[in-house]
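This report concerns only the one structure given below.
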Ligand code: NDP
């Protein structure tokens, strides 16, 4: 008999997680605030308290931090291991860890780097950042590995959320760039479907730029190995602005990044790459 667990939340992600545990042979007790279809083979509980009481290991996948607080408010967590897969901020995760600890539970926070269809399919590349109680992580290693690969990033309960949000931020920038590119070609006789592979290929080819940024941040020398200097890139900004104007497209997605690049040039960083932008953001 494999380890049993409880899942609170049967939204798109909670349901996918539950199905992956059932498929791996783990008995699962489930609860959802409003009536929702129960995955085949799962055991529904009438209340969140009953669902928690059913198993030591409790996985939570609700909308946000507030819904987690609301759901756990009156529940005894003594002796439970609580794994929170609800997206939150690092500070929210740290506060939740303290709150659950005070009530007798061990806490592990998780950041899911996947969409529901990738859960339970090892070839999808799905993984989950975990941080918090190492003991809880070690105790449930087999269960945690069923939905997606496990990446444990340390005992600070805020780190999983921080890694998660940092990667989402990088992804947002990528989506924003693609949105602007599609807008630029939108008025022409160019098929977005035929153009898409060009965007994907170029984004892939350029993705390694982050390694250069990291190396410069580590050395403190922002001109190290530069082959595209910021003065040149700022001139390209003007060409990008004129192109957007010609195509009748708003520059608003690119404008904030361009403004930071140009500020760095104005402050004497023209021979550097874009790494100085990181410092401007932190200031
Ligand atoms: P859904 O919108 O599909 O489900 C939301 C869930 O939260 C439902 O079970 C809902 O219950 C519950 N809920 C909302 N408010 C409350 C409340 N006040 N008290 C109790 N339960 C509440 O969202 P997902 O399943 O897609 O996402 C869940 C979490 O997983 C989110 O934090 C999300 O950021 C994260 N995630 C999702 C990904 C995705 O692609 N879907 C990817 C990575 C992370 P009810 O049915 O009663 O409304």
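The values are calculated or read from the model by the stated rules, or taken from the named source; none is laboratory data. Everything numeric in this text was worked out from a predicted model, so none of it was measured. When we count neighbours, we look across all protein chains shown, and the Cβ atoms used for this are built from the backbone with ideal geometry, even at glycine.
When only residues in segment 134-150 that are out of contact with any helix residue (DSSP H, G or I) (no Cβ under 8 Å at 6 or more places or on another chain) and farther than 16 Å from residue 25 by Cα count, which is surrounded by the most Cβ atoms within 10 Å (Cβ to Cβ)? That would be 136.
For segment 96-123, residues that are without any contact (Cβ under 8 Å) to a residue 12 or more places away in the chain and within 16 Å of the ligand (Cβ to nearest atom) total 2. Based on what the data block shows, is residue 202 over 15 Å from the mean Cα position of the chain (by Cα) and within 28 Å of residue 266 (Cβ to Cβ)? Criteria not met by residue 202. Residues that are within 30 Å of the chain's Cα centre (by Cα), surrounded by fewer than 15 Cβ atoms within 10 Å (Cβ to Cβ), at pLDDT 95 or above and part of a loop (DSSP other than H, G, I, E, B) occur in segment 219-227; there is at least one.
Within segment 167-199, the set of residues being more than 19 Å from the chain's Cα centre (by Cα) and over 23 Å from residue 250 (Cβ atoms) comprises 193, 194, 197.
Somewhere in segment 171-189, is a residue in contact with a strand residue (DSSP E or B) (Cβ under 9 Å, 6 or more places away or on another chain) and under 24 Å from residue 14 (Cα atoms)? Checked against the condition, which is being in contact with a strand residue (DSSP E or B) (Cβ under 9 Å, 6 or more places away or on another chain) and under 24 Å from residue 14 (Cα atoms), segment 171-189 yields no hits at all. Scanning segment 264-279 for residues that are within 20 Å of residue 238 (Cβ to Cβ) and surrounded by 14 or more Cβ atoms within 10 Å (Cβ to Cβ) turns up 264, 265, 269, 270, 272, 273, 274, 276, 277.
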